[in-house]
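Here the structure is laid out as structure tokens; the discussion comes afterwards.
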Amino acid sequence: MIEIKGLRKAYGTKKVLEDVNLTVPDASVFGLVGINGAGKTTLLRLLADVLRPDEGEIRFDGELITGNAKKRKELFFLPDDPYYAAGMTVEKLVSLYKGFYDFDEAVFAHYEKVFSLEKRTPIHNFSKGMKRQTFAAIALACRPKYLLLDEAFDGLDPLARLELKRGIIALEGTTAIIS
């Protein structure tokens, strides 16, 4: 379960999140909806421990996430524009994530086929949608306990969106938060 209590985050004088209190039950799919600038991405980054709150706390299964490497291993954060090194291929990216997660080869192979991913092509040659499909396939194959998706469906065609939705639902025991 994810518990957020009294969360506040500001960038300088601009308050982005103020007194956020939220509980997300285990094995649920939770949507964050709001206008641009509402704080959805900031909240996801705080949940992933990429940012630190100005006030308040975030707990995963009763444990604070801030600085908690053990709990961070249970989550996968897919930002809107994920980073990858120059010349990185799908094959190399998969190898990287295998070092951090109990990677499910069968799940990845399924999405590799569904999304027609080319393992040896540099990712920088992919369209926005193909990049998103690549990272979505990796996220699903990592089978995290907590899946944090920022603008998850941006750039995906209708069939790819449907496949991603099915993949999220198929992750038994995973709590997904999607903006």
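What's the total number of residues in the range 10-49 that are of a type outside the set (Gly, Ala, Ser) and touching a strand residue (DSSP E or B) at 6+ places or on another chain (Cβ under 7 Å)? Of the residues in that region, 18 qualify. For beta carbons closer than 6 Å, sequence separation of 6+ or different chains, a first residue in the range 143-165 that is within 18 Å of residue 108 (Cα to Cα) and a second that is buried (at least 21 other Cβ atoms within 10 Å of the Cβ) and of a type in the set (Lys, Arg), the qualifying pairs are 156/132.
When the range 121-179 is filtered for residues that are polar (S, T, N, Q) and closer than 24 Å to residue 70 by Cβ, the ones remaining, listed by number, are 174, 175. In this structure, residue 15 does satisfy being more than 18 Å from the chain's Cα centre (by Cα) and either under 30 Å from residue 117 (Cβ atoms) or of a type outside the set (Phe, Trp, Tyr) (or both). If the condition is being more than 14 Å from residue 176 (Cβ to Cβ), of a type outside the set (Gly, Ala, Ser) and surrounded by fewer than 13 Cβ atoms within 10 Å (Cβ to Cβ), then the range 18-62 contributes 19, 21, 23, 33, 35, 36, 52.
Scan the range 44-68 for residues that are hydrophobic (A, V, I, L, M, F, W, C) and either touching a Cys at 6+ places or on another chain (Cβ under 6 Å) or under 25 Å from residue 137 (Cβ atoms) (or both) and jot them down.
Kept after step one, since they are hydrophobic (A, V, I, L, M, F, W, C), are these residues of the range 44-68: 44, 46-48, 50-51, 58, 60, 64-65.
Result: 44, 47, 48, 50, 60.
For the range 1-17, which positions are in contact (Cβ under 8 Å) with a residue 12 or more places away in the chain, open to solvent by 70 Å² or more (accessible area, probe 1.4 Å) and basic (Lys, Arg)? The answer is 5, and nothing else.
The values are calculated or read from the model by the stated rules, or taken from the named source; none is laboratory data. Computed from a predicted structure; not experimentally measured. Note that we place each Cβ from the backbone using ideal geometry, even for glycine, and neighbour counts take in every protein chain shown. The area values use the complete protein model at the heavy-atom level, side chains included, leaving out ligands, DNA and RNA. Shrake-Rupley method; radii C 1.70, N 1.55, O 1.52, S 1.80 Å.
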